[in-house]
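Here's the structure, in structure tokens; my notes come after.
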Amino acid sequence: MIDILLVSLPIQTLLTKQILEGYDFSPSMGLIYLNTYLELNGFRADIIDLIYDNLTKEQFLNKVDELSPLVIGISSYTENIELAVKVAKSIKNRFPNIYTVIGGPHISLCQKEFIDNKEFDFAIINEGESTIVELLEAIKTNQQIIRYNDIDGLMYRIDNEIFHNPNRQYIKALDLIPIPKRDYFGLERFKNNKLLLINSSRGCPNKCIYCSANVLSGNKYRVRNIDNVFLEIIMLQKLIDPIQYTITDDSFTIIRSRVNRFLDLIDEYKATFRWECESIVKHMDEELLDRLKDSNVISIQYGMESGNQEVLNKIRKGINLEYAEKIIKATQERGITPLLSFIFGHFCETKETAQDTLDFMRKAVTQYDASVAASYNTPFPGTYQYEHMDELNMYLLTDDFKMFTLKTPVVYNDNFSADDQRNFMYEVANLRKERKCYKYNQ
């Protein structure tokens with residue numbers, strides 16, 4: 001018997017990548033962090049990642065029977081919240097005495113699915129490490145040490161009555177969370193990976209209206225000690241030796257002294273690992289690029305979102321297109337590939353602004369050898385644009401959360417239809433093909 005079984009559900013977009021693109025094994029790092037923290041606090045935990053374990057419903061339920069957990073925690077996104085409900089119902093039908101907990105991004109942004117489905121006993125809102133530890137303590141001691149109503153960040157139901165406790169403060173000292181133990185999944189499963197994910201911060205100080213990052217993780221940028229991050233990478237070099245690392249922070253370059261320390265460590269220890277990161281052009285300059293070019297950084301992703309300055313201003317992106325182009329050019333000149341991401345279908349989008357974006361993308365590809373990607377604007381619950389759709393004159397095409405995948409239009413405005421969005425995404429697909437030809441001809 002274990003205390004808790006953590007379950008990560010399939011996400012259709014990832015399954016498609018697995019099938020069509022040979023997607024690398026990359027289990028839920030959120031659950032690995034939770035499992036590591038639970039073990040540190042003396043609880044017996046295990047993980048099933050249904051994206052990669054490929055279990056049938058009956059095989060999954062038999063595994064639950066074998067492990068006999070006191071609690072099952074299910075993590076979900078907007079895209080698979082409906083599946084989370086179905087899994088919880090299956091668990092309760094066969095194991096009515098197992099407590100079920102729903103967590104993850106969607107339930108933190110929108111609690112309707114918890115309220116409407118009695119199959120969930122608890123919901124954890126936002127960061128889950130401390131909340132899940134206190135909840136397990138309360139369950140195991142029959143609330144003799146900690147009572148449910150004393151646990152911040154928890155929603156729960158008793159006799160069909162819903163209780164919503166105050167939100168928990170975000171963890172300020174991220175170094176109190178141990179380095180995640182990837183060996184829960186067996187290190188052999190990672191060894192053929194092209195890349196490993198490294199998280200060195202939480203929170204985002206930006207206020208982009210389309211993004212849920214500052215709703216989920218707070219608008220303060222909280223960081224791990226960069227020496228600790230470097231130690232994690234060196235440890236993984238010894239254990240797994242992946243081809244490349246991806247630092248998943250929304251913008252790794254916000255704190256210049258921290259980035260410089262990371263680069264100093266690479267120099268000092270003559271580290272040769274390849275890596276990539278995300279940045280925002282306003283957090284980059286040529287001086288930093290001069291240092292980065294000798295650190296084996298392969299690429300830097302810049303979230304551009306539009307090639308029209310008025311749109312960028314209205315979505316509160318906080319970047320200047322002229323400066324952005326300068327940074328993209330400077331990145332390429334130093335042998336680092338610029339990875340640029342864009343969104344079509346903003347609340348203020350028109351065919352003219354979308355054409356500006358497409359033109360900007362084409363220039364980035366042909367002149368600066370950038371790699372570009374685009375997605376459809378998707379108003380996830382909890383974002384500013386979701387909460388203010390009427391004010392922004394945005395209209396939902398569907399309220400079926402399974403469609404909120406970034407891969408299909410779910411919203412439109414009076415000046416830019418769903419068909420308009422599809423037409424421009426078709427042009428982006430052609431541009432991406434052109435880039436491959438362009439690189440080959442070089």
(message) Tell me yes or no: at least one residue of region 386-397 is more than 23 Å from Lys207 (Cα to Cα) and modelled with pLDDT of 95 or more.
(response) yes
(request) Test Tyr384 against the criterion of being in contact with a Phe, Trp or Tyr (Cβ under 9 Å, 6 or more places away or on another chain), open to solvent by 40 Å² or more (accessible area, probe 1.4 Å), in contact (Cβ under 8 Å) with a residue 40 or more places away in the chain and within 30 Å of Lys86 (Cα to Cα), and give yes or no. (result) yes
(request) Sort out which residues of region 362-374 are surrounded by fewer than 17 Cβ atoms within 10 Å (Cβ to Cβ) and closer than 17 Å to Met425 by Cβ, and write them in order of number. (result) Ala373
(request) Answer with yes or no whether Gly307 is part of a loop (DSSP other than H, G, I, E, B) and surrounded by 23 or more Cβ atoms within 10 Å (Cβ to Cβ). (result) yes
(message) Return the pair list, or none, for Cβ contacts closer than 9 Å from residues in region 197-226 that are at positive phi to residues that are part of a strand (DSSP E or B) and open to solvent by 20 Å² or more (accessible area, probe 1.4 Å), at least 6 apart or on different chains.
(response) Gly203/Arg222; Gly203/Val223; Gly218/Arg202
(request) Only strands (runs of 3 or more DSSP E) wholly contained in region 117-174 count here; list those with 1 or more residues that are touching a Gly at 6+ places or on another chain (Cβ under 9 Å) and of a type outside the set (Val, Ile, Thr). (result) 122-124
(request) Among the residues of region 133-151, write down those that are surrounded by 15 or more Cβ atoms within 10 Å (Cβ to Cβ) and not aromatic (Phe, Trp, Tyr). (result) Val133, Glu134, Leu135, Leu136, Glu137, Ala138, Ile139, Lys140, Ile146, Ile151
(request) Give the residues of region 1-29 that are assigned to a helix (DSSP H, G or I) and either at pLDDT below 70 or buried (at least 19 other Cβ atoms within 10 Å of the Cβ) (or both), sorted by residue number. (result) Gln12, Thr13, Leu14, Leu15, Thr16, Lys17, Gln18, Ile19, Leu20, Glu21
(message) Looking only at residues that are open to solvent by 20 Å² or more (accessible area, probe 1.4 Å) and among the hydrophobic types (A, V, I, L, M, F, W, C) in region 344-361, which one is nearest to Ile81 (Cα to Cα)?
(response) Phe347
(request) Taking Leu176 as meeting all but one of (1) in contact with a Leu (Cβ under 7 Å, 6 or more places away or on another chain); (2) without any contact (Cβ under 8 Å) to a residue 12 or more places away in the chain, write down the number of the exception. (result) (1)
(message) If I ask for residues that are over 25 Å from the mean Cα position of the chain (by Cα) and not in a helix (DSSP H, G or I), which ones from region 30-64 would you list?
(response) Asn41, Gly42, Phe43, Arg44, Thr56
(request) Specify the residue that is surrounded by the most Cβ atoms within 10 Å (Cβ to Cβ); the eligible residues are those in region 65-113 that are in a strand (DSSP E or B) and among the hydroxyl-bearing types (Ser, Thr, Tyr). (result) Ser75
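The values are calculated or read from the model by the stated rules, or taken from the named source; none is laboratory data. Quick caveat: nothing in here was measured; it's all calculated off a predicted structure. Using ideal geometry, Cβ is built from the backbone for each residue, glycine included, and neighbour counts are taken over all protein chains shown. For the accessible areas, the whole protein counts, side chains as well, though only heavy atoms, and no ligand, DNA or RNA atoms are used. Shrake-Rupley method; radii C 1.70, N 1.55, O 1.52, S 1.80 Å.
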